[in-house]
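The values are calculated or read from the model by the stated rules, or taken from the named source; none is laboratory data. All of these numbers come straight from a predicted model, not from anything done at the bench. In this analysis, Cβ positions are derived from the backbone assuming ideal geometry, glycine residues included, and neighbour counts consider all displayed protein chains. All accessible areas refer to the heavy atoms of the entire protein, side chains included, with ligands and DNA or RNA removed. Shrake-Rupley method; radii C 1.70, N 1.55, O 1.52, S 1.80 Å.
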Amino acid sequence: MADVLTSRLLLHPVDVAEAERIAAGSKGPADSWADDFPFEGDTAAVGGFLRATAALGEQRPFGFYRISRLSDGRAVGGIGFKGQPIDGSAEIGYGLAPSARGHGYAAEALSALLIVAAEQRVSRVIADTKLDNIASQHTLIRAGFQLVIADDQLRYYEVLLGQDAAT
């Protein structure tokens, strides 16, 4: 599985060994991490990736991607699919270490992963965020998502890809 490059980021699809290091917060000799990576969102996400891989086999390209800055090569967050697509729809989640927030990295990574989804013939990508997470809501909108519904706890977003986007 190939890395995904953007103008400022490298999205690397992790394997089980790297996911286990991230989950344990124990970098290997070749790992380059920001001081505050991984944070709790990363460890939870790679835990889901590891459980899905153990139960269902290889998840990539619908797995977890480590987000690293090209400027210094340091890992600053993660992004990934929350399982394999169902009926052309995939769910996505993301997070950045506190030191990397506010630079537009999350929207840039989201946009890149939408291209991966479209290349895999996914027609709809969904995401949700807590009501009080205004920064994440702005990130989703910048990446092309639209609010579809909200309840008393979450806001739900989607983006339509390919032919479905025109309908």
Please go through region 10-24 and give me each residue that is assigned to a loop (DSSP other than H, G, I, E, B) and open to solvent by 50 Å² or more (accessible area, probe 1.4 Å), ordered by number.
Asp15
Just to be sure, is Arg142 open to solvent by 70 Å² or more (accessible area, probe 1.4 Å), in contact with a strand residue (DSSP E or B) (Cβ under 7 Å, 6 or more places away or on another chain) and under 21 Å from Leu11 (Cβ atoms)?
no
Of the conditions (1) open to solvent by less than 60 Å² (accessible area, probe 1.4 Å); (2) part of a loop (DSSP other than H, G, I, E, B); (3) not acidic (Asp, Glu), the single one that Val116 does not satisfy is (2)
Among the listed residues Ile22, Ile79, identify the single one that is aliphatic (A, V, I, L, M), under 20 Å from Thr139 (Cβ atoms) and touching a residue at least 24 places away in the same chain (Cβ under 8 Å).
Ile79
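Can you find a residue that is open to solvent by 50 Å² or more (accessible area, probe 1.4 Å) and in contact (Cβ under 8 Å) with a residue 40 or more places away in the chain anywhere in region 41-58? Show your work before the answer.
Within region 41-58, the first condition is being open to solvent by 50 Å² or more (accessible area, probe 1.4 Å), and the residues that meet it are 44, 51, 54-56, 58.
Cutting the leftovers down to in contact (Cβ under 8 Å) with a residue 40 or more places away in the chain gives us none.
Among the residues of region 41-58, not one is open to solvent by 50 Å² or more (accessible area, probe 1.4 Å) and in contact (Cβ under 8 Å) with a residue 40 or more places away in the chain, which makes the answer no.
Across region 65-110, which residue is nearest to Lys130 (Cα to Cα) among those that are β-branched (Val, Ile, Thr) and open to solvent by less than 70 Å² (accessible area, probe 1.4 Å)?
For region 65-110, the residue satisfying everything is Ile92.
Does Ser7 satisfy the condition of being of a type in the set (Ser, Thr, Tyr), more than 21 Å from Tyr157 (Cα to Cα) and open to solvent by less than 40 Å² (accessible area, probe 1.4 Å)?
On the way: of a type in the set (Ser, Thr, Tyr): yes; more than 21 Å from Tyr157 (Cα to Cα): yes; open to solvent by less than 40 Å² (accessible area, probe 1.4 Å): no.
Considered against the rule, which asks whether it is of a type in the set (Ser, Thr, Tyr), more than 21 Å from Tyr157 (Cα to Cα) and open to solvent by less than 40 Å² (accessible area, probe 1.4 Å), Ser7 comes out as no.
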Number of the condition not met by Ala30 [criteria: (1) assigned to a helix (DSSP H, G or I); (2) open to solvent by 20 Å² or more (accessible area, probe 1.4 Å); (3) aliphatic (A, V, I, L, M)]
(1)
